[in-house]
Every structure is written in C-alpha cells, then in structure tokens.
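Structure first, then comments.
The values are calculated or read from the model by the stated rules, or taken from the named source; none is laboratory data. Predicted model only: the values in this text are computed from it and were never measured. Cβ placement follows ideal geometry from the backbone for every residue including glycine, while neighbour counts extend to all protein chains displayed.
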Amino acid sequence: MNKKGIALFLAVMMLLLSARTAYGAVAWGDRGSDVTRIQQRLRQYGYMDAPADGIFGQATYDAVVWFQRKNGLKADGVVGPATAAALGITLKSGGSAVTAGSGYNDSEVYTLARLVHAEARGEPYVGKVAVAAVVLNRVKSASFPNTISGVVYQAGAFDCVADGQINLTPDSDSLRAARDAMNGWDPTGGCIYYYNPATATSAWIWSREVRLSIGAHSFAV
C-alpha cells in the first residue's frame, strides 16, 4: 500500500471509530452491559429467542435487523442512537470494538476491504461480509494460500484483480464488512467459493455444491 493509501485508510478508520464513540453505537463483536440490555429488550419485544449473554453475534444481529425493519429504521444491524431510542434504552458506551479484527493488522483489513468493494459493492451488507468470509475461509483451508494477500492475489482467483478494480478505494461499508468477517461473522457457514450465476462462464464453478444465495451471489463448497 502506498503512503496515500495508508493515509486514506487511517483517516477512514479514525472517522468510523470516532463516530461509534461519539454516538455510542454497538455492533457485531461488541460485548458488555449495553449488549445485554439490547438483547433483553429484543427478547422482551419478541425479536430474539437466544439468551442475553452480552455478546453481539449472529442471533443479536439478526434480531436487531428484524427490529429495525419493523420500526422503519435503517436495517444495518448496528444499534446507534435511533435504534437504542426505539428499544427504549440509552447506551452507556460504544462497546468494545476491535479495529482490525482479532489477529489481523490494518494492512490485511485494507486488502480484504478492497476485495469486498471490488467484488460486492452494490450487494446487501450481509453479502459483503459473506465475500470477506469466503476469503478468510480460504486462508484457513489447506487448498489455498495461508494469507489474505495470497488468497486475494492468487492467479485467476478473482476477476477484480485482473481488471484492476481491486485498486479502487474501499468505502466504509466494505471496511466494516472486512472487520465483521475478521471478528468471526461468516454468513456462508464455511463456503470457499462464490459466483454470480448470471455472469459466470466457468463450467467448473457450476459443479460446486451451492449452500446459499445472498444478493446476486451463490456461495458454494
């Protein structure tokens, strides 16, 4: 990453972190009393069956999105001031956000976010996280390189590398999606492939077992 890219990445990250601190937003990966109180209200209102364990994971995210949609709020799965007010609570803190994702550095976050932006911009947010999760699942697989950059830049792996879109500056959603995947959110349940059925030309990719579809992408193993 060049100096301009690093500076831009740090500026975006500082903006996102300051916004979460200033507005007390709570989101995926956070833990603590705010999360417990959110979960208790979601359970009280019938949006969540899972226990109020103080850990913001998949069940809490799904319940928050459901609540937001039902109440005319932005359905992004983040509990900010508006969602908190609708739940009837006041947030005490900004949670315990992990900037780069556990075990990853800022450069890896940025590389993954660029891949997400190039491959999944225009997709629903969960679809962005799913694309990031596929990359991380490949890193864990013995069949692929064991680093994020190795997976992203593996020859022939992603069209966006060949056509140069990998060099586009990732937006805030792509950065957040990369961090959410790094913090453990995998909407795909372990998939290591994805493709767009409307544009895919590889006969081989059609032979893979599709587990689910999100937006325009099918996710497969």
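Numbers for the structure displayed
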read-out	value
Any chance Leu168 is closer than 26 Å to Asp62 by Cα and at pLDDT 90 or above	no
The range 50-89, residues that are modelled with pLDDT under 90, among the small types (Gly, Ala, Ser) and touching a strand residue (DSSP E or B) at 6+ places or on another chain (Cβ under 9 Å)	Gly80, Ala84
Helices (runs of 4 or more DSSP H) completely within the range 23-88 that count 1 or more residues being surrounded by fewer than 16 Cβ atoms within 10 Å (Cβ to Cβ) and in contact with a helix residue (DSSP H, G or I) (Cβ under 9 Å, 6 or more places away or on another chain)	33-44, 81-87
Helices (runs of 4 or more DSSP H) contained in the range 92-201 and holding at least 3 residues among the basic types (Lys, Arg) and surrounded by 15 or more Cβ atoms within 10 Å (Cβ to Cβ)	none
Test: Thr169 is in contact with a strand residue (DSSP E or B) (Cβ under 6 Å, 6 or more places away or on another chain) and farther than 23 Å from Ala25 by Cα	no
Answer from Val151, Val129, Val161 - the residue that is of a type outside the set (Lys, Arg) and under 27 Å from Tyr61 (Cα atoms)	Val129
Leu212 being part of a helix (DSSP H, G or I) and at pLDDT 90 or above	no
Filtered residue count, the range 120-135, keeping only those that are of a type in the set (D, E, K, R) and without any contact (Cβ under 8 Å) to a residue 60 or more places away in the chain	2
